[in-house]
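The values are calculated or read from the model by the stated rules, or taken from the named source; none is laboratory data. Just so it is clear, the model here is predicted, and its values are computed rather than measured. Note: ideal-geometry Cβ built from the backbone for every residue, glycine included; neighbour counts use all protein chains shown.
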Amino acid sequence: MADANSRSITTNQTELHEKLDEIVQKHLNSEFKKPIAAHTLKAFNEVNEKVQAFAGPIILDSCCGVGESTANLAKRHPDALVIGIDKSSHRLDKHDVEYKQNEHGQYILVQADLNDFWRLAYEAKWQPTHHYLFYPNPWPKSKHIQRRWHGAAVFPFIVKLGAA
Ligand SMILES: C[S@@+](CC[C@H](N)C(=O)[O-])C[C@H]1O[C@@H](n2cnc3c(N)ncnc32)[C@H](O)[C@@H]1O
């Protein structure tokens, strides 16, 4: 359903990208060698301690923006620890006081680059029960395919992390 606040998207790609199979195969068959950034490693290590100590389900809200969805997911899954991840401190800082923790669930917001964070989570054997990626396509042009997660080099790790 369209949100009244969303801007409309114009695109020159009206069907599946013609090179999608080729791009995904290339990423599945090659090693993603980008070094892990120190700030994401530090952020991951902090949240990993909490994840390892937590006995219930782990839920990821990747690209959580201001974290509104993270707070709502925590309410929807009160037995889980929901982890909202976004690279933008500007967006995370906007997380309004009304979204803050209450008795209806628990969540953590993390500033990190998902190109690194997902690989670290996979190595640490995280097994999220759910993985949410609310990502209205900000790169609608056909030539931007590799800026969308299914066309990115890190895509195999999203799949390997599993979850619905
Ligand atoms: C289109 S917005 C969607 C935000 C939110 N999920 C929503 O539905 O309103 C995309 C978000 O992805 C974040 N993002 C983009 N690339 C990222 C990356 N490599 N690592 C972490 N966050 C990233 C941006 O900072 C932005 O907040």
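Summary table below
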quantity	calculated
Which listed residue, of 61, 86, is within 20 Å of residue 146 (Cα to Cα), in contact with a Gly (Cβ under 9 Å, 6 or more places away or on another chain) and surrounded by 13 or more Cβ atoms within 10 Å (Cβ to Cβ)	86
Cross-chain or 6+ apart pairs with Cβ under 7 Å, region 21-50 first and closer than 17 Å to residue 122 by Cβ and at pLDDT 95 or above, then of a type in the set (Asp, Glu) and in a loop (DSSP other than H, G, I, E, B)	37/113; 40/113
Close pairs from region 148-164: first within 11 Å of residue 25 (Cα to Cα), partner assigned to a loop (DSSP other than H, G, I, E, B) and of a type in the set (Phe, Trp, Tyr), Cβ under 7 Å, at least 6 apart	153/32
